[in-house]
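Working notes, beginning with the structure itself.
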Amino acid sequence: MRKLIIAGIASLLATSTAYAEGVTEADLANDTATAGDILTNGMGRHLQRHSPLATLNKENVKNLVPAWAFSLGGEKQRGQETQPLIHDGIMYITGSYSRMYALDVKTGRELWQYDARLPEGILPCCDVVNRGAAIYGDKVYFGTLDARIVALNAKTGDVVWRKKIADYKAGYSYTAAPLIVDGLIITGNSGGEFGIVGEVQARDTETGELVWTRPVIEGHMGTLNGEESTMTGTLNATWPGDLWKTGGGATWLGGSYDAETDTLVFGTGNPAPWNSWLRDAGQKDDGSGDNLYAASRLGINPKNGEIKWHFQTTPREGWDYDGVNEVVAYSNRNGEKRWATADRNGFFYVLNREDGKFVRGVPFVKDISWAKGLDENGRPIWNEENRPGDPTKAADGKKGEVVFSSPSFLGGKNWMPMAFSPKTGNFYVPSNEWGMDIWNEPVTYKKGAAYLGSGFTIKPNYEDHIGSLKAIDPDTGELKWEFKNEAPLWAGVMTTAGGLVFTGTPEGEFIAFDDETGEKLWSFQTGSGIVGQPVTWEQDGEQFVSVISGWGGAVPLWGGEVAKKVNYLNQGGTLWTFRLPKQLASAN
Ligand code: CA
Ligand code: CA
């Protein structure tokens, strides 16, 4: 009897210890399969944004109804780009101006709120957004606009630790959802328009202490356990003079993780400044003006921060075609391990997951003007006359020749994540059809000042739409279907095993599409523009879907012809949760 009681107490203790430990590496690794919680950005660190749930399907999605809504409140109603996380009955969302909220997932009641105290003089380039949190152990983590990372007690919201990623006075900021792998919290940085240097950092999740750093511009030294490790690339191999010291390459959208090859993949933004003539990017094809590793994807060893491989989407970049867009790990219809990414530059790339080697690349927007195509290695075949002119050749030496380039600097696709469906084998890509007049100007680096050497005016390519959600077959590059939207699309996409594709529009509609035909099956007007990322989960035998509504992000910050498509839209900040009631799940 006594033995039994002791065994009982021991098992209780074991349970409570496991409970105190909270989210484990195994939980993160299995996130996609466990439909009762959402523990990672991307609904799995492969970033497929696919749910295996099929309770909600093409037939019954018309019965999806609001369950609750939560207002972020305050006067800080700016772009809301968060992806909710759900664990142990709590939903975690982040909001504009570096705020975080914990909500009762069943009712939407607020449990706690954390507002970062942001200093004067922060320099976010493109709205004061935040794209979501990370969860591990008993803590939740998110980055703040003053380029810091904060660990909070997941139950109380109390600060456990708070660390500086970089100096906000030099233009650094932080907006991405952090990534957690094997007890390390891995972050990038923002600020590519200020001549910062892109970097990936890994910290101990318990203490916040740095484990390794990997700057992404050649010539800079990495660190491991507080000591110098290796230099990134080869000094001055592809950068002239000292420009690498302020070379850009912001790793601002964070990364993905592929457990099968144990590889982190981070993208890097534009080289700085935008004016490529200052970076020796003239009429060369010997690679000397490529400016590695800006506008690239990097495969990184999560244990020590060493670069395993790189793939540069836009060498000699001169249009602000940041190479940061998410890289999704998937297996194609033949079971081959692949990565896919839809770049700002307008091309959709498939890479080999083992070594990052180029497999194929196809245009996913209509009017790419800066390149004629890609060669067998995925290197662009440039239209040299579409590079903005060298200002030193201009009569006044100040404004180079203006060219019309497409896509625009906001890209054929920007940050808003695409989704993959293992059910159809297709990617669902939120894209935009727009271009720009762009020109180059002289510029010199000044700490904390914009470092562009370029001017631009953004323009729609078509009268009736800019936004275009595309279903793309990654094996052939074939466009399966397209949904056109008047305003530019800026929200994340999600697929489900029930055959649905969810996304939202700046006009406020939250929409479910048929994954095979693109037919609009259901929609709901959320009251403000959607630039957030939908999720779905299971609770008490019912399927739920959530998305945040709150117009903002980079689009409304720029004028030009595009402003006419969006300047009437109202701001907001509401998390909407929808439910398919059990009794309606089988109804037609
Ligand atoms: Ca899960
Ligand atoms: Ca940029």
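Among the residues of segment 221-274, the ones that are more than 23 Å from Tyr445 (Cα to Cα) and within 16 Å of ligand 2 (Cβ to nearest atom) come to 4 in all.
Hey, can you tell me all the residues within segment 242-294 that are aliphatic (A, V, I, L, M) and either within 16 Å of ligand 1 (Cβ to nearest atom) or in a loop (DSSP other than H, G, I, E, B) (or both)?
Initial filter on segment 242-294 (aliphatic (A, V, I, L, M)): 243, 250, 253, 259, 264-265, 272, 278, 281, 292, 294.
The answer is Ala250, Leu253, Ala259, Ala272, Ala281, Leu292, Ala294.
Does Asp367 qualify as being in contact (Cβ under 8 Å) with a residue 24 or more places away in the chain and under 20 Å from Asp320 (Cα atoms)? Working first, answer last.
Values: in contact (Cβ under 8 Å) with a residue 24 or more places away in the chain: yes; under 20 Å from Asp320 (Cα atoms): yes.
Judged against the criteria, Asp367 is a match.
Report, by residue number, each residue of segment 289-340 that is among the polar types (S, T, N, Q) and within 16 Å of ligand 2 (Cβ to nearest atom). Reasoning before the result, please.
Within segment 289-340, the first condition is being among the polar types (S, T, N, Q), and the residues that meet it are 291, 296, 301, 304, 312-314, 325, 331-332, 334.
Asn291, Ser296, Gln312, Thr313, Thr314, Asn325 - these are the residues of segment 289-340 that are among the polar types (S, T, N, Q) and within 16 Å of ligand 2 (Cβ to nearest atom).
Count of segment 238-263 residues, restricted to those that are surrounded by 24 or more Cβ atoms within 10 Å (Cβ to Cβ) and within 22 Å of Lys357 (Cβ to Cβ), is 7.
Among the residues of segment 68-88, the ones that are assigned to a strand (DSSP E or B) and of a type outside the set (Ser, Thr, Tyr) come to 7 in all.
Residues to consider are Thr234, Thr223, Thr230; find the one that is surrounded by fewer than 20 Cβ atoms within 10 Å (Cβ to Cβ), in a loop (DSSP other than H, G, I, E, B) and among the β-branched types (Val, Ile, Thr). Working first, answer last.
Numbers: Thr223 fails: in a loop (DSSP other than H, G, I, E, B); Thr230 fails: in a loop (DSSP other than H, G, I, E, B).
The match here is Thr234.
Report yes if Pro534 is of a type outside the set (Asp, Glu) and either under 16 Å from Ala497 (Cα atoms) or touching a Ser or Thr at 6+ places or on another chain (Cβ under 6 Å) (or both), otherwise no. Let's see the steps before the verdict.
Values: of a type outside the set (Asp, Glu): yes; either under 16 Å from Ala497 (Cα atoms) or touching a Ser or Thr at 6+ places or on another chain (Cβ under 6 Å) (or both): yes.
Yes; evaluated as a whole, the condition is true for this residue.
Regarding segment 134-154, can at least one residue be identified that is at pLDDT 95 or above, surrounded by fewer than 17 Cβ atoms within 10 Å (Cβ to Cβ) and basic (Lys, Arg)? Scanning segment 134-154 turns up no residue that is at pLDDT 95 or above, surrounded by fewer than 17 Cβ atoms within 10 Å (Cβ to Cβ) and basic (Lys, Arg). Checked against the criterion of being among the small types (Gly, Ala, Ser) and assigned to a strand (DSSP E or B), segment 55-67 contains one or more residues that satisfy it.
The values are calculated or read from the model by the stated rules, or taken from the named source; none is laboratory data. Worth saying up front: this structure is predicted, and the values here are computed from it rather than measured. Note that each Cβ is placed from the backbone with ideal geometry, even for glycine, and that neighbours are counted across all protein chains shown.
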